[in-house]
Amino acid sequence: MPEAPARKARSPLAPPVSFLWTRRLVLTFLATFALLPVYVMVSSSLKPLEDVTGKFQWIPTEITIRPYIDIWDTVPLAHYFMNSLMVAGAATVLSVTIAVFSAYAVSRYRFRGKRIFTVTVLSTQMFPGILFLLPLFLIFVNIGNSTGVALYGSRGGLILTYLTFSLPFSIWMLIGYFDSIPRDLDEAAKVDGCGPLGALFRVVVPAAIPGIVAVSVYAFMTAWGEVLFASVMTNDETRTLAVGLQGYATQNDVYWNQIMAASLVVSVPVVAGFLLLQRYLVAGLTAGAVK
Amino acid sequence: MTSTVTPPVRTSGGGKDQGDGGARRRRLLPRIPDRIRHGGLPYLLLLPAVLLELLVHLVPMVIGMVMSFRELTQFYINNWDRAPWRGFDNYRIAVDIDAPLGEALLHSFYVTCLFTVLVVGLSWLFGMAAAIMLQENFRGRGLLRAVFLTPYALPVYAAVITWAFMFQRDNGMINHVLHDQLGLTDEPSFWLIGDNSFVALVVVALWKSWPFAFLMLMAGLQNIPRELYEAASIDGAGIWQQIRKITLPSLRPVNQVLVLVLFLWTFNDFNTPYVLFGDSAPEAADLISIHIYQSSFVTWNFGTGSAMSVLLLLFLLLVTAVYLVATSRGRKGSDA
């Protein structure tokens with residue numbers, strides 16, 4: 001990233017004061033907008049229940065970690081957590097692995113049907129999830145009725161449906177990324193006696209690690225945050241966090257402090273992972289999507 | 001889509017890339033170990049993806065189309081192939097604007113269009129402002145970048161449920177600020193029911209989607225050669241002129257993709273309204289995805305729901321096609 005030379009080159013002609021002030025103003029506004037819910041989430045998760053059901057307070061009068069203890073008992077949060085982890089993890093591994101093979105084929109070979117393949121994959125990206133939800137729901141129910149294989153409500157079924165969004169995106173991004181890796185590299189490997197798959201795994205994949213990381217992060221995040229399929233395709237046993245979090249609203253009270261605590265707990269792993277790997281994601285987008 | 005990335009160096013056959021495949025294949029053949037013929041290998045590599053695409057996309061789509069021609073109520077869920085044919089009846093019901101169902105669909109279509117225009121436009125504006133302002137290096141730049149990307153990284157349900165809490169009438173932050181602290185309203189407003197719900201929905205969706213615009217535009221800005229800015233400032237161009245004359249035109253290809261992707265995501269957004277309002281959104285914020293979900297899974301009429309999905313798909317295809325033709329023609333004109 002050309003950051004260091006950029007500063008050097010532009011420093012003699014510093015931006016005008018009007019720009020600096022606009023910048024301060026705009027950046028403050030955007031940062032406040034971005035972080036406001038995070039602040040509310042953190043502060044409310046540390047309040048006792050009486051405080052979150054009463055008037056909102058910016059600064060908690062009494063700080064308690066009680067919500068963080070109670071969240072595990074009010075709903076089976078650990079169980080939902082495991083479900084989400086298994087589903088999102090499996091969907092990520094599956095879609096990225098499959099995407100690596102097909103992106104390699106598209107990026108390195110010419111063959112009949114290549115265009116049809118890429119166009120089909122790209123265009124499925126634009127279809128509304130609801131369009132696949134209804135038929136997949138019916139397919140799963142009917143497979144269950146006729147063969148006894150319980151896809152509907154199972155984790156396996158949910159993993160399959162999650163491929164509807166992570167697979168096309170992964171293929172699309174990885175094609176762009178593989179294209180940016182010089183072809184001589186893997187051709188040299190082939191000259192040295194690697195087979196096509198050897199070249200893929202010894203040369204292309206290592207060189208594309210940032211892109212693969214970026215795609216994995218994206219696939220994991222979308223699966224972790226998905227609501228529509230999770231709310232239709234799961235049962236009590238396989239419920240993910242997306243649906244399970246609604247359990248904190250009882251008939252008498254909504255445990256807002258616990259909801260906020262649980263939201264924070266389920267957010268921290270993905271946000272931390274994302275922020276750590278965001279440089280890869282920017283690089284991946286530069287190579288893949290932005291062209 | 002033309003590439004803003006410098007084309008990768010391909011010494012062997014780089015120039016022949018645009019030529020016919022035969023020349024390339026002849027050059028590659030001797031290098032590929034014998035047993036796997038080049039002709040079959042790409043297909044083998046694609047096989048898993050093709051099978052899965054068939055399973056999760058193409059077969060469901062075909063079934064979805066078939067479903068839209070049948071009377072698929074809860075009585076036929078378990079064996080949908082026995083559901084009676086209804087021809088175009090589902091479509092007729094869906095678009096009959098004199099009947100309640102068609103009128104509601106038309107209404108939610110309007111709401112979705114307005115919602116999409118607002119969210120996409122503002123997301124682009126916010127993302128653009130943030131990307132340009134963070135283009136220079138200064139103290140705190142890395143931190144701000146992380147701050148701006150946080151909404152994108154937060155799981156939707158965790159983030160939107162927090163907004164739902166903030167929009168609560170009696171114990172929410174929004175009313176506390178607007179009513180108690182600033183005194184702007186006579187009494188605490190309802191945000192999640194009634195007309196205000198549209199405002200709440202736009203704010204939350206915007207909060208969720210502008211960081212993606214920022215991310216894409218930031219990536220795009222990194223591809224603009226710094227020399228362009230240097231040359232421009234030596235020529236006496238101010239910073240605003242540089243933005244207008246260099247930054248915006250250079251971002252054209254990024255913008256073309258970004259606006260399309262934002263449009264499709266926003267138009268199809270289900271998660272935001274669903275977490276904010278539950279499965280029946282207030283009329284003012286009745287987005288089309290929720291509307292279809294409700295007519296399928298709440299009132300158990302999958303036939304009409306499928307017909308609406310197909311109509312939605314046709315609409316999106318049409319808009320995308322028109323958009324792609326219009327933007328690529330415009331670009332050709334300006335490049336020439």
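Key figures for this structure:
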| item | result |
| --- | --- |
| Cα gyration tensor shape of chain A, rounded if a/c is under 1.5, else prolate or oblate by comparing a/b with b/c | oblate |
| Among A:MET233, A:MET126, A:MET86: highest mean-square fluctuation, GNM of chain A, C-alpha pairs under 10 Å | A:MET126 |
| A:TRP58 versus A:THR74: modelled label distance in nm, points set 7 Å from Cα along the beta carbon direction | 2.6 nm |
| Residue mean of other protein chain beta carbons inside 10 Å, A:186-199 | 3 |
| Extension gain from A:ASP192 to A:SER146, taking 0.36 nm per residue of separation minus the Cα-Cα distance | 11.3 nm |
| Where labels lie 7 Å past Cα in the beta-carbon direction, separation of A:ASN252 and A:VAL119 in nm | 6.3 nm |
| Cut-off under 5 Å, modelled amide H: who pairs with B:ASN301 long-range | B:SER296 |
| Rounded, prolate or oblate (a/c below 1.5 giving rounded, otherwise prolate when a/b exceeds b/c) for the protein assembly as shown by Cα gyration tensor | oblate |
| Per-residue Cβ neighbour rank within 10 angstrom, fewest leading, B:GLU136, B:GLU53 | B:GLU136, B:GLU53 |
| Gain in span if fully extended, B:ARG92 to B:PHE138, counting 0.36 nm per residue against the direct Cα distance | 10.6 nm |
| Spin-label model distance (nm) - A:ARG66 vs A:ARG110, 7 Å beyond Cα toward Cβ | 7.2 nm |
| Shielding by other protein chains, A:273-280, mean Cβ within 10 Å | 3 |
| Most mobile listed residue (A:LEU275, A:LEU35, A:LEU228) in chain A, GNM with C-alpha springs under 10 Å | A:LEU35 |
| Reachable aspartates and glutamates, given that their alpha-carbon falls under 14 Å from the alpha-carbon of A:LYS190 and they are not under 8 places away in the same chain | B:ASP34 |
| Whichever aspartates and glutamates have a C-alpha closer than 16 Å to that of A:LYS114, once near sequence neighbours (fewer than 8 apart) are set aside | A:ASP179, B:ASP17, B:ASP20, B:GLU53 |
| Size of charge dipole - the stretch A:154-195 - debye, nearest 20, with Cβ of Lys, Arg +1 and Asp, Glu -1, no other charges | 340 debye |
| Volume per residue of the C-alpha convex hull in the stretch A:174-291, rounded to whole Å³ | 141 Å³ |
| Distance from the stretch A:115-134 to the stretch B:213-278 (C-alpha centre basis), Å | 25 Å |
| Candidates A:THR240, A:THR28, A:THR120, ranked by Gaussian network fluctuation over chain A, Cα under 10 Å, top entry | A:THR28 |
| Contour excess over end-to-end distance, with Cα ends at A:ASN235 and A:ARG202 and 0.36 nm allotted per residue | 7.6 nm |
| Within 10 Å of each Cβ in A:24-37, the average number of Cβ atoms from other chains | 6 |
| Prolate/oblate/rounded call for the stretch B:132-203, Cα gyration tensor, a/c under 1.5 rounded | prolate |
| Normalised contact order of the stretch A:32-113, rounded percent, pairs of Cα under 8 Å and 6 or more residues apart | 19 percent |
| Given charges at beta-carbon only (K, R positive; D, E negative), |dipole| of the protein assembly as shown in Debye | 3300 debye |
| Set of aspartates and glutamates near B:LYS208 by C-alpha distance (under 18 Å), chain-local residues within fewer than 8 positions excluded | A:GLU226, B:ASP269 |
| Phi to ³J(HN,Hα) by Karplus 6.51 cos²θ - 1.76 cosθ + 1.60 over the stretch A:141-156, Hz, x for Gly, Pro | 4, 6, 4, x, 5, 8, 10, x, 7, 7, 7, 5, x, 8, 5, x |
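Any read-out appearing in this document is the output of simple, stated calculations on the displayed coordinates, not a laboratory observation. Nothing here was measured: the structure is a model prediction, and the numbers come from that model. A quick note on method: Cβ atoms are made from the backbone with ideal geometry, for glycine too, and the neighbour counts reach across all protein chains shown.
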